[in-house]
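To start, the structure itself, in structure tokens.
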Amino acid sequence: MGDSRDRELGMHRRITRRDFINGVAVTASAAMMPWQLLGETPNEQKQGSYYPPALTGLRGSHPGSFETAHSLRDGTFWDSAGKPEDTGETYDLIIVGGGISGLAAAHFYRKTNPGARILILDNHDDFGGHAKRNEFRVGNAFRLGFGGTFSIESPAPYSAVAKALIEELGIDVPSYSKYFDKNLYRSQGLQPKVFFDKETFGVDKLAVNFTLRGSGESEDAGPRSPEALKGFLREAPIADQAKRDLQSLFEDPKDYFPGLTSGEKKAKLARISYANYLKDVARVHEDVVKFYQAQPHGWFGLGIDAVSAQDAWGLDLPGFKGLKLDPAPGKGMNRDAIPNDEAEKYFFHFPDGNATIARLLVRRLIPDAVPGNSVADIILAKADYARLDQTTSPVRIRLNSTAVRVKHLGDANAAKEVEISYARADKVYTAKAKNAILACWHVVIPYICEELPDKQKEALSSAQKVPLLYTNVAVRNWKAFEKVEASSIYAPGMYHSHVNLDLPVRIGGYECARKPDEPIVVHMMRAACHPGLPARQQHSAGRMELYTTDFETIEQKVRDQLGRIAGPGGFDPARDIAAITVNRWPHGYSYEYNSLFDSFWLEGGETPCEVARKPFGRIAIANSDAGAYAYTDEAINQAHRAVNEIGRA
Ligand SMILES: Cc1cc2nc3c(=O)[nH]c(=O)nc-3n(C[C@H](O)[C@H](O)[C@H](O)COP(=O)(O)OP(=O)(O)OC[C@H]3O[C@@H](n4cnc5c(N)ncnc54)[C@H](O)[C@@H]3O)c2cc1C
């Protein structure tokens with residue numbers, strides 16, 4: 001893109017990332033830091049100005065959070081690491097990973113061991129893991145965004161354990177409708193749209209979206225309507241043959257596998273991608289395939305080339321009605337693709353997503369770090385990061401600290417203690433504990449816990465995470481979105497495949513945007529997939545892509561995309577964008593088993609996550625990876641199991 005296009009897009013405008021380099025606060029001060037005055041090890045989280053939720057620019061796995069882990073992976077870390085310094089600290093439990101699983105583990109452990117002393121280590125500058133809070137100020141308006149974990153939701157009902165924790169934290173899930181203004185956008189004439197881009201479809205054009213299925217997840221969600229399909233077929237810039245094919249997929253269902261039983265048909269569908277099913281079995285025009293390509297990004301971080309036709313059937317994508325399949329889930333279905341009414345109703349979105357759960361947990365663990373005492377008052381409560389890691393507190397959360405070695409002091413079966421080494425600010429420190437819970441990403445564990453059996457390490461390594469970008473763009477108003485009548489946009493050919501105006505939720509004194517002339521957060525999602533490759537290879541290519549794409553490149557794509565979608569309504573990216581926060585998650589969703597690539601998922605038997613999560617001596621293993629299920633309830637379930645495994649202090 002040339003300089004003049006860059007200027008038009010506002011690439012050189014000052015936006016609120018200017019005080020930060022790629023989302024890391026620039027702290028240039030020669031003054032004595034509070035930790036130095038106390039003679040403690042360096043701890044920038046004790047600086048008064050330390051407040052990560054307000055940082056913009058490149059967040060998620062921000063620069064500074066992953067380099068240590070990568071040098072461990074590359075085998076270079078210990079070459080330059082000095083001799084570890086013993087902090088002299090001993091705990092009942094050290095938890096690696098301050099996401100919801102690690103925080104929930106601390107909570108469960110304290111319930112059975114009320115006086116327990118716990119240290120939680122996390123490599124990021126904020127707690128919560130994927131459950132990350134983004135804050136924005138645009139003029140006088142304060143806006144929240146979710147940097148990762150979006151909502152309380154799960155394809156299957158929450159377990160008794162996970163539900164009990166949600167309730168114990170004071171979250172009343174069924175009360176969600178009190179806070180969510182479901183009809184706000186619709187009442188102002190906005191609706192879900194599809195953006196066809198000229199690179200993929202020959203022309204830039206917005207058309208009505210008819211594809212959404214019923215769920216509580218969006219104000220736009222609802223059953224597909226025949227009127228929406230008609231509107232789409234009128235407006236969509238796809239080949240006439242593609243329109244006819246699409247219409248017949250919906251209105252003229254065929255049995256492509258006559259003579260086979262329902263079970264035999266499902267077995268076939270489990271082994272063929274939905275893209276190939278559309279192309280080779282239903283024989284539709286390629287525009288139909290291009291249109292559906294990015295539909296499953298939000299579920300799996302993969303396109304239809306790597307999602308089975310059986311899962312597409314479960315997700316209610318078209319082309320299966322004529323097969324007359326019995327409704328029971330087929331063997332090898334992904335749990336996301338198995339419809340469940342009870343689970344679908346259990347939904348709650350906080351303005352900062354499940355960061356509210358992380359903050360409620362931190363408040364339980366370290367009451368003076370997050371002021372207040374109710375779910376309502378936590379929404380606007382400002383966490384005091386200086387209080388997260390105090391010597392006087394039985395629970396401490398130490399950020400910017402990457403665990404680099406976890407080992408028993410002596411033989412794992414007889415040892416009384418575990419020693420954890422962690423790197424922070426170019427130094428390595430050690431602390432000891434009676435037990436450790438590794439609630440971090442499973443792919444990291446083989447590098448930090450060398451004493452685990454090889455078979456277990458192999459299983460841990462197979463938990464390739466799904467790379468995703470959650471980009472939050474604070475815009476000065478949404479008048480242009482009103483003009484183009486779009487509240488959410490599916491953009492199958494573009495860098496971010498999904499663009500949504502923030503869900504209108506008012507809670508605890510927090511006010512969302514309600515009028516088009518008010519600032520709002522526009523949420524954009526990219527699944528960094530690489531169609532054509534097997535799922536795990538797509539994820540590793542996508543991870544590499546995200547680690548090597550700089551903020552400016554993503555900013556340019558954001559400006560270009562929003563300009564093309566909402567420009568016809570008067571949106572000027574140079575004028576209207578106030579701030580951009582790119583939450584980069586090269587290690588995003590937990591890997592979920594896929595019948596196209598994981599034969600064991602079809603055949604049955606022990607799954608890798610069951611091997612991966614086995615306790616070892618005084619070390620237990622949590623994280624949503626431990627259930628191969630990318631949901632908060634699983635992060636909680638696995639924390640609960642891990643705590644039970646290590647038992648009492
Ligand atoms: C973009 C995105 C959106 C999502 N949306 C939803 C949603 O709407 N609903 C839902 O239920 N789930 C969602 N999920 C899934 C989400 O992962 C889980 O819900 C849950 O937040 C996972 O918690 P966790 O503690 O298991 O893992 P994480 O949140 O990943 O926490 C693990 C932590 O361990 C840290 N760590 C790793 N290695 C080390 C080390 N060596 N030393 C120290 N720390 C380490 C990591 O950096 C991380 O902070 C989403 C995930 C992503 C990425």
Query - Residues satisfying the stated conditions in the range 449-481, i.e. within 22 Å of the chain's Cα centre (by Cα), within 14 Å of the ligand (Cβ to nearest atom) and either more than 30 Å from residue 189 (Cβ to Cβ) or in a helix (DSSP H, G or I) (or both) - result: 460, 461, 463, 464, 465, 466, 467, 468
Query - Among residues of the range 98-118, those that are open to solvent by 10 Å² or more (accessible area, probe 1.4 Å) and either within 18 Å of residue 590 (Cα to Cα) or aliphatic (A, V, I, L, M) (or both), counted - result: 2
Query raised in the report: Quick check, is residue 598 more than 14 Å from the ligand (Cβ to nearest atom) and open to solvent by 10 Å² or more (accessible area, probe 1.4 Å)?
Result: no
Query - Matching option when the condition is of a type in the set (Gly, Ala, Ser) and within 16 Å of the ligand (Cβ to nearest atom), among 542, 617 - result: 542
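So that you can scan it fast, the table gives a plain yes or no per residue for (1) under 30 Å from residue 232 (Cα atoms); (2) open to solvent by less than 20 Å² (accessible area, probe 1.4 Å); (3) more than 16 Å from the ligand (Cβ to nearest atom):
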| position | (1), (2), (3) |
| --- | --- |
| 152 | no, yes, no |
| 159 | no, no, no |
| 162 | no, yes, no |
| 165 | no, yes, no |
| 168 | no, no, yes |
| 176 | no, yes, no |
| 190 | yes, yes, yes |
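Here's the yes/no breakdown for (1) over 20 Å from residue 631 (Cα atoms); (2) open to solvent by 10 Å² or more (accessible area, probe 1.4 Å):
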site: 289; (1), (2): yes, yes
site: 298; (1), (2): no, yes
site: 306; (1), (2): yes, no
site: 317; (1), (2): yes, yes
Requested in this report: Specify which of the listed residues (559, 536) is part of a helix (DSSP H, G or I), buried (at least 23 other Cβ atoms within 10 Å of the Cβ) and either touching a Lys or Arg at 6+ places or on another chain (Cβ under 8 Å) or touching a residue at least 12 places away in the same chain (Cβ under 8 Å) (or both).
Outcome: 559
Query raised in the report: Yes or no: residue 639 over 17 Å from the mean Cα position of the chain (by Cα) and either assigned to a helix (DSSP H, G or I) or within 16 Å of the ligand (Cβ to nearest atom) (or both)?
Result: yes
Report summary line: Pairing a residue in the range 586-605 that is under 16 Å from residue 267 (Cα atoms) and assigned to a loop (DSSP other than H, G, I, E, B) with any residue that is within 16 Å of the ligand (Cβ to nearest atom) and of a type in the set (Phe, Trp, Tyr), where Cβ atoms lie under 9 Å and the two sit 6 or more apart in sequence or on different chains, gives 594/300
Report task. Output the number of residues of the range 110-141 satisfying the condition of being within 14 Å of the ligand (Cβ to nearest atom) and in a loop (DSSP other than H, G, I, E, B). Result -> 10
Query - Candidate set: the range 418-447, residues that are touching a helix residue (DSSP H, G or I) at 6+ places or on another chain (Cβ under 7 Å) and of a type in the set (Val, Ile, Thr); chosen: the one farthest from the ligand (Cβ to nearest atom) - result: 437
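The values are calculated or read from the model by the stated rules, or taken from the named source; none is laboratory data. Everything numeric in this text was worked out from a predicted model, so none of it was measured. FYI the Cβ positions are ideal-geometry reconstructions off the backbone, even for glycines, and counts take in every protein chain you see. SASA here: full protein model, heavy atoms, side chains in, ligands and nucleic acids out. Shrake-Rupley method; radii C 1.70, N 1.55, O 1.52, S 1.80 Å.
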